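Have a look at the structure below, then the notes.
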Amino acid sequence: TARSQEVRPEQAPPPAQTQQASATPQELLNTAGKTRLSLHGVLGFGFDQVDVGTTISGDTVSISGGGGLGGGAGIAFGLSRSLDLDLDLGFQVGGLTPAVDNADGSFTRGYFLATLKYKKPTSDTGQFKFGAGLGIYYGGKMKLELTNVYFSEEVDYDPAVGLHFTGEFERFISPNVSFNIGAKIYFVEYEAKTYKRNSAEQPLSNLRDDVRKLNGSGMDIMIGINTYFN
């Protein structure tokens, strides 16, 4: 008799174990507890213009108490993941608009700014910052001079306190070095302290109102490079 064969069902292959790696959420940038040293440049325009003359073609020549070209340095402290305190010291100068051949003019001033900034990280290397603060604007000086005849005017201004608002984006290019670009809007008014014409002292009452009380408000584009320390 033929031996009966026991038929055993084939063992099914084990189910493929698809171990899907769980995605690790990207860690956001955190500069809390770090100190930052920075260098920055600014270029901007003033909200108000003071008319100082007219070109041969009839165009108005003006100067502003805000805007111009400048730069400075700063130090900042990472108070928390969301807050920074920035302290910046700088210098800015604006000239005549438009520039003319027979006259020179400038408004120069220094500034010391204290800004509290809110940080919003976007990745492990980038963050937005939005700030507000107070600034001291000092050493304000308006100078006008004709180059073809002997004539000059010079107005010195008292230090002034102003309010400012900032917005910027910061990107790290290495663990401790970053670049930032943004804008600053500021509101300040200068009060004349002395007035000279051809180096001779003049009464302040001889100044026009818009020069005696100079509107120094404006908007600047800022760009900077930063180094962080723990």
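A few notes on this one:
- Pick from region 161-188, criterion assigned to a strand (DSSP E or B) and over 19 Å from the mean Cα position of the chain (by Cα), ranking: nearest to Asp220 (Cα to Cα): Ile173
Yes/no matrix, rows are residues, columns are (1) modelled with pLDDT under 95; (2) in a loop (DSSP other than H, G, I, E, B); (3) under 15 Å from the mean Cα position of the chain (by Cα); (4) β-branched (Val, Ile, Thr):
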site	(1), (2), (3), (4)
Gly72	no, no, yes, no
Phe77	no, no, no, no
Asp86	no, no, yes, no
Phe91	no, no, yes, no
Gly94	no, no, no, no
Val100	yes, yes, no, yes
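- Within region 217-230, residues that are hydrophobic (A, V, I, L, M, F, W, C) reach partners that are outside any strand (DSSP E or B) with beta carbons closer than 9 Å, at six or more positions or on different chains, in the pairs Met219/Phe47; Met219/Gly66; Phe229/Lys34; Phe229/Asn176.
- Looking only at residues in region 57-67 that are closer than 18 Å to Phe151 by Cα and among the β-branched types (Val, Ile, Thr), the one that is surrounded by the fewest Cβ atoms within 10 Å (Cβ to Cβ) is Val61.
- Check on Gly167, surrounded by 14 or more Cβ atoms within 10 Å (Cβ to Cβ) and within 16 Å of Tyr111 (Cα to Cα): no
- Residue within region 190-203 that is under 30 Å from Leu79 (Cβ atoms), in a strand (DSSP E or B), touching a residue at least 40 places away in the same chain (Cβ under 8 Å) and out of contact with any Asp or Glu (no Cβ under 7 Å at 6 or more places or on another chain) present: no
- Subset of region 146-183 [touching a residue at least 12 places away in the same chain (Cβ under 8 Å) and farther than 30 Å from Lys129 by Cβ]: Leu146, Thr147, Asn148, Tyr150, Phe151, Ser152, Glu153, Glu154, Val155, Asp156, Tyr157, Asp158
The values are calculated or read from the model by the stated rules, or taken from the named source; none is laboratory data. Quick caveat, the model's predicted, so the values are computed rather than measured. Neighbour counts are summed over all protein chains in view; Cβ atoms, including those assigned to glycine, are modelled from backbone coordinates with ideal geometry.
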